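Visitor: Structure in structure tokens, see below.
The values are calculated or read from the model by the stated rules, or taken from the named source; none is laboratory data. Here the structure is a predicted model, which is why all the values come from computation and not from measurement. Neighbour counts run over all protein chains shown; Cβ positions are idealised from the backbone, glycine included.
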Amino acid sequence: MSEAFDSLFGVTVQPREDRVCVVLVGEWDLASSGRLEREVVALLDGDCPAIELDLRELAFIDSSGVHELLRCRDHAAGRDAPLSLVLVPGPVQRALEVCAVLDVFDFKLRGPS
């Protein structure tokens, strides 16, 4: 993958007292597929108690990103670790609704970060 595609999507881990917040930024498509899942698996392998995926700075998500979110949810459920989403009303929330997957997640709607 080229650096140009890689720079369109970012993943930042922010440890918190009771959970780890993973902030996603930019455009999440097939070119960046696998980055979040690898991070989530590494956190779970490190006995992370809970994961919060902050999607408020995500401008775009395609079906590969939606599938990766579902795989992350499955990894967390397999370890009995809560995984939740933080969203803003907008295109990412609408994409998850159109794909009929939003309701399978614990999620919160908040203002921009």
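Visitor: Anything in the stretch 67-95 that is free of Cβ contacts under 8 Å to residues at least 24 places away in the same chain, of a type in the set (D, E, K, R) and closer than 22 Å to ALA31 by Cβ? List them, or say none.
Guide: ARG94, the sole residue that qualifies.
Visitor: State which residue is surrounded by the fewest Cβ atoms within 10 Å (Cβ to Cβ) when the search covers only the stretch 1-15 and only residues that are within 21 Å of ALA42 (Cα to Cα) and at pLDDT 55 or above. Outline the logic, then answer.
Guide: Residues of the stretch 1-15 that are within 21 Å of ALA42 (Cα to Cα), as a first pass: 6, 9-15.
Those still in the list that are at pLDDT 55 or above too: 9-15.
Numbers: PHE9: 21, GLY10: 16, VAL11: 17, THR12: 12, VAL13: 14, GLN14: 11, PRO15: 9.
Checked the stretch 1-15; the qualifying residue surrounded by the fewest Cβ atoms within 10 Å (Cβ to Cβ) is PRO15.
Visitor: Inside the stretch 13-31, can you point out the residues that are out of contact with any helix residue (DSSP H, G or I) (no Cβ under 7 Å at 6 or more places or on another chain) and closer than 21 Å to PRO112 by Cβ?
Guide: From the stretch 13-31, those out of contact with any helix residue (DSSP H, G or I) (no Cβ under 7 Å at 6 or more places or on another chain) are 14-19, 21, 23, 25-27; that's our starting set.
If the condition is that a residue be out of contact with any helix residue (DSSP H, G or I) (no Cβ under 7 Å at 6 or more places or on another chain) and closer than 21 Å to PRO112 by Cβ, then GLN14, ARG16, ARG19, CYS21, VAL23, VAL25, GLY26, GLU27 are the ones that fit.
Visitor: A further question follows. Give the residues of the stretch 63-85 that are exposed (fewer than 14 other Cβ atoms within 10 Å of the Cβ) and more than 22 Å from VAL20 (Cβ to Cβ), sorted by residue number.
Guide: Within the stretch 63-85, SER63 is the sole residue that qualifies.
Visitor: On to the next question. Can you tell me which residue is farthest from the chain's Cα centre (by Cα) among those in the stretch 62-113 that are within 21 Å of THR12 (Cβ to Cβ) and of a type in the set (Ser, Thr, Tyr)?
Guide: Ranking the candidates gives SER113 first.
Visitor: Is the stretch 27-34 home to any residue that is more than 22 Å from ALA100 (Cβ to Cβ) and more than 13 Å from the chain's Cα centre (by Cα)?
Guide: yes
Visitor: Something else: Are there any pairs with C-beta distances below 6 angstrom linking a residue in the stretch 96-112 that is basic (Lys, Arg) to a residue that is at pLDDT 95 or above, with the two at least 6 apart or on different chains, and if so which?
Guide: That search, which allows pairs on different chains as well, returns LYS108/VAL86; ARG110/VAL86.
Visitor: Another question, if that's okay. Among ASP54, ASP29, which is in contact (Cβ under 8 Å) with a residue 12 or more places away in the chain, of a type in the set (Asp, Glu) and buried (at least 20 other Cβ atoms within 10 Å of the Cβ)? So that I can check it myself, show each step before the final result.
Guide: Numbers: ASP29 fails: buried (at least 20 other Cβ atoms within 10 Å of the Cβ).
Matching residue, one of ASP54, ASP29: ASP54.
Visitor: For residues in the stretch 86-113 being closer than 16 Å to CYS72 by Cα and hydrophobic (A, V, I, L, M, F, W, C), which is surrounded by the fewest Cβ atoms within 10 Å (Cβ to Cβ)?
Guide: Keep residues of the stretch 86-113 that are closer than 16 Å to CYS72 by Cα, which gives 86, 96, 101-107.
Keeping just the survivors that are hydrophobic (A, V, I, L, M, F, W, C) gives 86, 96, 101-102, 104-105, 107.
Working: VAL86: 16, LEU96: 22, VAL101: 15, LEU102: 18, VAL104: 11, PHE105: 16, PHE107: 17.
Ranking the qualifying residues of the stretch 86-113, first place goes to VAL104.
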